[in-house]
Amino acid sequence: MSPVSQSLLSRFAVVTSIFALLMVGVVAATRPDGGGSSAVAAGPVPVTLTEFAISPNRVVVTQGGSLSITNSGSQAHNVAITDTPLVTSDLSGGQTETLDVSSLEPGEYEIFCAVAGHLEAGMVGTLVVTDGSAAGDQAAGGSAGGGHAGHDDLASLDPMGEHAQRINKEFEDAMSAGVQTYLEYADKYAAGEVDKGNRKLEPEILEDGTKKFELTAAITDWEVTPGNIVKAWTYNEQVPGPWIRIEPGEKVQIELTNNLPISTDIHWHGISVPFEQDGVAPITQDYIRPGETYTYEFTAPDHPELGMYHAHMHGQVAIVNGLFAVFQVGDVDLPRGRTISGVEIPADLQIDQELPIVVNDAGVIGMSINGKGFPLTEPVVAKQGEWVLMHFYNEGLQGHPMHLHRQPQIVVAKDGFPLEAPYRMDTIWVSPGERYSVLVQAQEPGIWAFHCHIVSHAESDDGLFGMVTTMIVE
Ligand SMILES: [Cu+2]
């Protein structure tokens, strides 16, 4: 275990025991309380879908009833009931549909969103069908072990009541367990024990100096969160795919073998290439069909560019499921010797680490940073005083405001183009297709939260998830 996570874990342990002490005090003050069961409505029971949660997480309905399901998210969602034929249609954002569940006998059922990847992202819950008796309803609301109460329930709880205590304990335990696992994985990352993406791809140098890179696109196993292995669409079996780095003016060949079940292509997003190399089948080239190998060939621009590469063909499936990666030509120009909103950038600035931060929010990968969802996300680890150059890339379907605690971020480039007037910020909105390059000095020791600030992309009833990591300053 590295010293930093050891100290972090012990700090974490201190926080946990403070909580425990507080809880003793609170438990001593509790009084009996029977609240907390979600109300059994006479009409359809409302259920809300968002990215990626079903609220309430424990839905209680009287036998013979129905659910009124509203998608309040921005992606398509549905609700299916495991081991039954019951399922809604795919609802787009804002749509509501009533699901008749009158065919179900009293009991507990699993409900989930059947859109690929959404169950894994957290869209799973419990449906309790009661027999309509008062005792049955109370049992439904009060039964333990059925997951956390949805947030909708919390307003009805007596904060000092026993039921609230139990629910709060579930929230705390889930939160603590996630953080503990994350810190354990921080050590595994430090030891090189985690399979990760963005690995730099070494080229073969051809006789005339051309750099030749080899890629294979296929559907392969990828661990998104601990133990959750999905069928990802990958380049060279990693998400994000290999980081390709070349210098301005270099000649390159990229040979792609397509082992996917559908045709593909590669678009060099943000890179100046000739028309016929732009990778938009069938406009600029023919489809690269399953089993075929195709070679892209071009001379890199004579100036630095910061791009990405991804499938263009059927991108709404291929990209979000993992076919995306970093393509970099040379180094982004940095504002050396300038002071930006109080942050002095040395004239002789040396970059200690350059890191892609590739975000995605859909497909089997789901809410993620560099192909991993919390608690399997990798921390940014730096020594105090070091400079880290991070490049944000958004390969998802939504914008994400990326927020780093305490350490200033100086935006030095947009889409790889150096800014005339670099600026400082702590939260940067990165839209799909965009790149932002930020210079970060590790200033203050600690484990600083670093996450998307659309909080439902970062937390669920099960604690932190998705687009959350930290910057660990040693
Ligand atoms: Cu987000």
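The values are calculated or read from the model by the stated rules, or taken from the named source; none is laboratory data. All of these numbers come straight from a predicted model, not from anything done at the bench. For neighbour counting, all protein chains shown are included, and Cβ atoms are generated from backbone atoms with ideal geometry for every residue, glycine included.
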Please give the strands (runs of 3 or more DSSP E) falling wholly within the stretch 337-402 in which 1 or more residues are more than 12 Å from the chain's Cα centre (by Cα) and within 16 Å of the ligand (Cβ to nearest atom). 387-394
Show the residue pairs that are 6+ apart or on different chains and have beta-carbon atoms under 8 Å apart, the first residue being within the stretch 217-230 and assigned to a loop (DSSP other than H, G, I, E, B), the second being among the hydrophobic types (A, V, I, L, M, F, W, C). 226/376
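I'd like the full set of residues that are closer than 23 Å to residue 339 by Cβ and within 14 Å of the ligand (Cβ to nearest atom), limited to the stretch 417-432. Don't jump to the end; show me each part of the working.
So the first thing to find is which residues in the stretch 417-432 are closer than 23 Å to residue 339 by Cβ, and the list is 417-428.
Once the filter is applied, which keeps residues that are closer than 23 Å to residue 339 by Cβ and within 14 Å of the ligand (Cβ to nearest atom), the stretch 417-432 yields 427, 428.
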For residue 298, are the conditions met, namely being under 23 Å from the mean Cα position of the chain (by Cα) and of a type in the set (Phe, Trp, Tyr)? no
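Give the residue that is farthest from residue 51 (Cα to Cα), with candidates limited to residues of the stretch 82-124 that are out of contact with any strand residue (DSSP E or B) (no Cβ under 8 Å at 6 or more places or on another chain) and surrounded by fewer than 15 Cβ atoms within 10 Å (Cβ to Cβ).
Residues of the stretch 82-124 that are out of contact with any strand residue (DSSP E or B) (no Cβ under 8 Å at 6 or more places or on another chain), as a first pass: 85, 103, 116.
Then drop every residue that is not surrounded by fewer than 15 Cβ atoms within 10 Å (Cβ to Cβ), which leaves 85, 103.
On the way: 85: 24, 103: 28 Å.
Within the stretch 82-124, the match that is farthest from residue 51 (Cα to Cα) is 103.
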How many residues does the stretch 403-416 hold that are more than 16 Å from the ligand (Cβ to nearest atom) and either small (Gly, Ala, Ser) or buried (at least 17 other Cβ atoms within 10 Å of the Cβ) (or both)? 8
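Among the candidates 132, 107, 161, single out the residue that is at pLDDT below 85 and of a type outside the set (Phe, Trp, Tyr). Walk me through it before giving the result.
Working: 107 fails: at pLDDT below 85; 161 fails: at pLDDT below 85.
None of the others qualify; the one that does is 132.
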With the checklist (1) surrounded by fewer than 21 Cβ atoms within 10 Å (Cβ to Cβ); (2) in contact (Cβ under 8 Å) with a residue 12 or more places away in the chain in hand, flag the one item residue 275 doesn't pass. (2)
Pairs where the first residue, in the stretch 442-453, is within 10 Å of residue 404 (Cα to Cα) and in the same structural domain as residue 359 (by TED's automatic domain parsing) and the second is within 16 Å of the ligand (Cβ to nearest atom) and of a type in the set (Gly, Ala, Ser), C-beta under 8 Å, 6+ apart: 451/458; 452/458; 452/466
What residue, of 211, 196, 200, is under 28 Å from residue 320 (Cβ atoms), more than 17 Å from the chain's Cα centre (by Cα) and modelled with pLDDT of 95 or more? 200
Residue tally, condition out of contact with any strand residue (DSSP E or B) (no Cβ under 6 Å at 6 or more places or on another chain) and among the acidic types (Asp, Glu), over the stretch 185-234: 6
Out of 288, 345, report the one residue that is modelled with pLDDT of 95 or more and surrounded by 22 or more Cβ atoms within 10 Å (Cβ to Cβ). 288
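Quick check, is residue 301 over 23 Å from residue 414 (Cβ atoms), out of contact with any Asp or Glu (no Cβ under 8 Å at 6 or more places or on another chain) and not in a helix (DSSP H, G or I)?
Numbers: over 23 Å from residue 414 (Cβ atoms): no; out of contact with any Asp or Glu (no Cβ under 8 Å at 6 or more places or on another chain): yes; not in a helix (DSSP H, G or I): yes.
Against the criterion (over 23 Å from residue 414 (Cβ atoms), out of contact with any Asp or Glu (no Cβ under 8 Å at 6 or more places or on another chain) and not in a helix (DSSP H, G or I)), residue 301 does not qualify.
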